[in-house]
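Note sheet for the following structure.
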Amino acid sequence: MRRLFLAALALPFLLVAACATAPAPDPSGDSLDAVARDYVALILEIGEREPGYVDAYYGPPEWAAAAKANPREVPALIQGAAALTGRLNALSTRGAEPAVVQRKAYLLAHVSAASARLRMIGGERMSFADEAFALFGVRPELKPLTAYDPILARIDGLVPGDGALADRVSAFRNGFVIPTDRLQVVMDAAIAECRTRTIRHIPLPANERFTLAFVTDKPWSGYNYFQGDAASKIEINTDQPIFTDRAVDLGCHEGYPGHHVYNALLERTFVAERGWVEMSVYPLYSPMSFVAEGSANYGIDLAFPGDEAATFERDVLLPLAGLTGAPVEEKAELNALVRQLARAEYTIADDYLAGRVGREATIARLSKYMLTTTERATQRLRFIETYRSYIINYGLGRDTVQAWVERQGPDHWQGMETLLSSQILPADIL
Ligand SMILES: [Zn+2]
């Protein structure tokens, strides 16, 4: 009731503001609002053709029901995307405020990505780099795997002993596995700390909240299902043992200041305050995912700068997990090097998806360059098979977001909040 009352009060002001800043009505009678409405329909209907394509939707339920009842066939959806592109290009934003100019660019980029995804659903296959560019607006550099060997050599010096390096690193990491019966308490503590550190800098909606559940048999390690009204459903996959440092990673990435915060800020900034319905739907294979995954990963470093994650892990998480005494500092050093290997995965995925390297050899390559067990490498291959070029959004996304935020000024939280409350595209931050 209180929300409705506030909305009624706010409306006249919004109308006045709109009159002051909106460009003259288009002679065609078309508008960005009308295109945005049809864009939501397009995305929801693609979601009926590809399960998992719609990552989140919290607009009017009747729009989802309409898409479900009568989704267009893929060729008609491709035509629909082309029609939206034509309408967007015909709309002038001359004289409009920067946010409106950006809105048009956002819609154009997302319709383009939707069209590419539709062609893929229809059977088209692109190279890894072409696909990444078509879906996410970023073309990854694919270095030969040998470019990463010097990093492996440095890690080899860090974890001495006999046997394959991946086995040695895995054995070292085993000292940090959270026992199953401590998982809940460790994850709760990690997310709570991520949240505390975030709300110190970014004001969140008063009713923001999340649920946490442990699941199995998923291609991913964690997932945030944003429900709308500032609520998230976070799921953590326990197929593989979870390390104490991953609890911090997951808490920041899925929660604060990662996906939960990004979605809650987008909802407030655009859907609630402006009525820009395009932000009530989140197509997974879209430029938005580059910003989402990149900011979620950068958020870990932002919330726990320097050695603060290792300190928190040592002082809080290890005791909760019953692992007091595990060598946290050595692991932090190892993790910093392993991180430099992240993009080796793009080359491995490119070779695998193009059919140049078979399944077993790919698992061996993932094991070698991710320094992990065959079981984890197999799980990661399942992720690559499911999400393909989506993997660029993590490492490359993080580095790109970090560089952009740090270019904005010394207050990195301010830069992060600006990014998370915007329709900024990958092309704007590269
Ligand atoms: Zn994510």
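The values are calculated or read from the model by the stated rules, or taken from the named source; none is laboratory data. Everything numeric here is computed off the predicted structure, so don't read it as measured data. Using ideal geometry, Cβ is built from the backbone for each residue, glycine included, and neighbour counts are taken over all protein chains shown. We work out accessible area using only protein heavy atoms, side chains counted, and drop any ligands, DNA or RNA first. Shrake-Rupley method; radii C 1.70, N 1.55, O 1.52, S 1.80 Å.
One quarter of the surface of the convex hull around the alpha-carbon atoms of segment 32-124 equals 6.1 nm², the direction-averaged projected area. D217 to D30: FRET efficiency via 1/(1 + (r/R0)^6), r the Cβ-Cβ distance, R0 51 Å, to the nearest 0.05? Plugging the Cβ-Cβ distance into 1/(1 + (r/R0)^6) gives 0.65. For A361 and E330, a Förster radius of 41 Å and the Cβ-Cβ distance give a FRET efficiency of 0.85, rounded to the nearest 0.05. Couplings 3J(HN,Hα) for segment 230-244, derived from phi with the Karplus relation 6.51 cos²θ - 1.76 cosθ + 1.60 (θ = phi - 60°), are 6, 10, 10, 10, 9, 10, 10, 7, 9, 4, 10, x, 10, 7, 4 Hz, where x marks Gly and Pro. Take the Cα of R125, step 7 Å toward its Cβ, do the same at T146, and the gap between the two points is 2.7 nm. Modelled label positions at R209 and Q184, each set 7 Å beyond Cα in the direction of Cβ, lie 1.8 nm from each other. For the pair D411 and E97 in one chain, pulling the backbone fully straight at 0.36 nm per residue adds 110.5 nm over the alpha carbon distance. Summing charges over neighbours of A361, with a neighbour being any other residue whose Cβ is under 13 Å away from its Cβ, gives +2 when K and R count +1 and D and E count -1. Only residues of segment 361-399 count here: report those whose backbone N is under 20 Å from the spot 7 Å along Cα→Cβ of A164, or say none. What the label zone holds, given the 20 Å backbone N cut-off, is 361-385.
Which distance in Å, rounded to a whole number, links the C-alpha centroids of segment 349-365 and segment 67-108? About 37 Å separates the Cα centre of segment 349-365 from the one of segment 67-108. The solvent-accessible area of E97, taken with every protein chain present and a 1.4 Å probe, is close to 50 Å².
Counting only protein heavy atoms and using a 1.4 Å probe, the accessible area of D167 comes to about 100 Å². On a per residue basis, the chain carries 44 Å² of accessible surface, using protein heavy atoms and a 1.4 Å probe. Relative to the longest principal axis of the Cα atoms of the chain, the long axis of helix 32-49 lies at roughly 50 degrees. The length gained by stretching the chain between R49 and A354 to full extension, at 0.36 nm per residue less their Cα-Cα distance, is 107.4 nm. Amide H contacts of K233 (H built 1.01 Å from N, in plane; Pro and chain starts excluded): T211, Y225, F226, Q227 sit under 5 Å, all sequence-distant by 5 or more or on other chains.
Rounded to 0.05, the FRET efficiency of the A192 and Q340 pair, given R0 = 25 Å and the Cβ-Cβ distance, is 0.25.
For the chain, the longest principal axis of the Cα atoms and the long axis of helix 2-21 meet at an angle of about 70 degrees. Equivalent-ellipsoid semi-axes for the chain (Cα gyration tensor, √(5λ), whole Å, largest first): 39, 26, 19. Of the solvent-accessible surface of segment 193-314, computed with a 1.4 Å probe and all protein chains present, 48% belongs to carbon and sulfur. The slack between D239 and A83, meaning 0.36 nm per residue of separation minus the straight C-alpha distance, is 51.8 nm. For segment 32-124, the fraction of 1.4 Å probe accessible surface lying on carbon and sulfur atoms is 55 percent.
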